[in-house]
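J.: Shown below is the structure under consideration.
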Amino acid sequence: MHSPSLLKQPSAFLPVAMSLVALALVLGHVALFGAAREADEGTAAHLFQLLMAAQVPIIMFFAIKWLPRSPRRALGILALQVAAAFAAFAPVFFFNL
């Protein structure tokens, strides 16, 4: 019996998608306004923070549900989620935003 891919589960792909949106948001902001620090955090910064923070409970739910059922596949998805989050944070640290 073929089991469906874990990546099709919303708790698996949503954090990755949210990280990619956050990455696009940062890169778009840098492309439009440059990498200079602003005195007041703008909408882009607040959206980035919300996107990244909202992933935490989703990732925790995924880990609690799938690690006991399918540890090897779940660890692969968790690694993908963490890599996507690091990719979203990378330009923030690189540009010192």
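J.: Which of F62, F13, F86 moves most in a GNM of the chain, Cα contacts under 10 Å?
T.: Comparing F62, F13, F86 in the GNM, the peak value goes to F86.
J.: For region 42-87, report the accessible area per residue in Å² (1.4 Å probe, heavy atoms, rounded to an integer). Present the calculation step by step, with values, prior to reporting the outcome.
T.: Values: 2860 Å² over 46 residues.
I get 62 Å² per residue for this part.
J.: Now, a different point. Peptides 42-48, 68-74, 21-27: what's the order by average Cβ count within 10 Å, highest mean first?
T.: Result, highest mean first: 21-27, 42-48, 68-74.
J.: Looking at the square roots a ≥ b ≥ c of the eigenvalues of the Cα gyration tensor of region 35-97, which shape do they give, rounded for a/c under 1.5, prolate if a/b is larger than b/c, or oblate?
T.: In terms of gyration-tensor shape, oblate.
J.: For the pair V82 and N96, how long in nm is the line joining their label points, each one 7 Å along Cα→Cβ?
T.: Result: 2.9 nm between the two label points.
J.: Another question, then. Please give the calculated 222 nm ellipticity per residue for the chain, where each DSSP H segment of at least 4 residues contributes -39500 (n - 2.57) and the sum is spread over every residue; nearest 500 deg cm²/dmol?
T.: So the helix-based figure for the chain works out to -26000 deg cm²/dmol.
J.: Just the number, please: carbon plus sulfur as a percent of the accessible area of the chain, 1.4 Å probe, no ligands or DNA/RNA counted. Show your work: numbers first, answer last.
T.: Working: 4730 of 6380 Å².
Taking all protein chains in place, the chain shows 74 percent carbon and sulfur surface.
J.: Report the extension gain between A31 and M60 in nm, rounded to one decimal, defined as 0.36 nm multiplied by the number of residues separating them, less their alpha carbon distance. Kindly include the intermediate steps, with their values, before the conclusion.
T.: On the way: separation 29, 0.36 × 29 = 10.44 nm, distance 3.30 nm.
Result for the pair: 7.1 nm of gain on full extension.
J.: Continuing with the same structure: From the P(r) of region 5-49, can you give the percent of Cα pairs sitting at distances over 13 Å?
T.: Details: 604 of 990 pairs.
Roughly 61 percent, once rounded to a whole number.
The values are calculated or read from the model by the stated rules, or taken from the named source; none is laboratory data. Quantities reported herein were computed from a predicted structural model and do not represent experimental measurements. Backbone-built Cβ (ideal geometry, glycine too); neighbour counts: all protein chains shown. Surface areas here come from the heavy atoms of the whole protein model, side chains and all, with no ligands, DNA or RNA. Shrake-Rupley method; radii C 1.70, N 1.55, O 1.52, S 1.80 Å.
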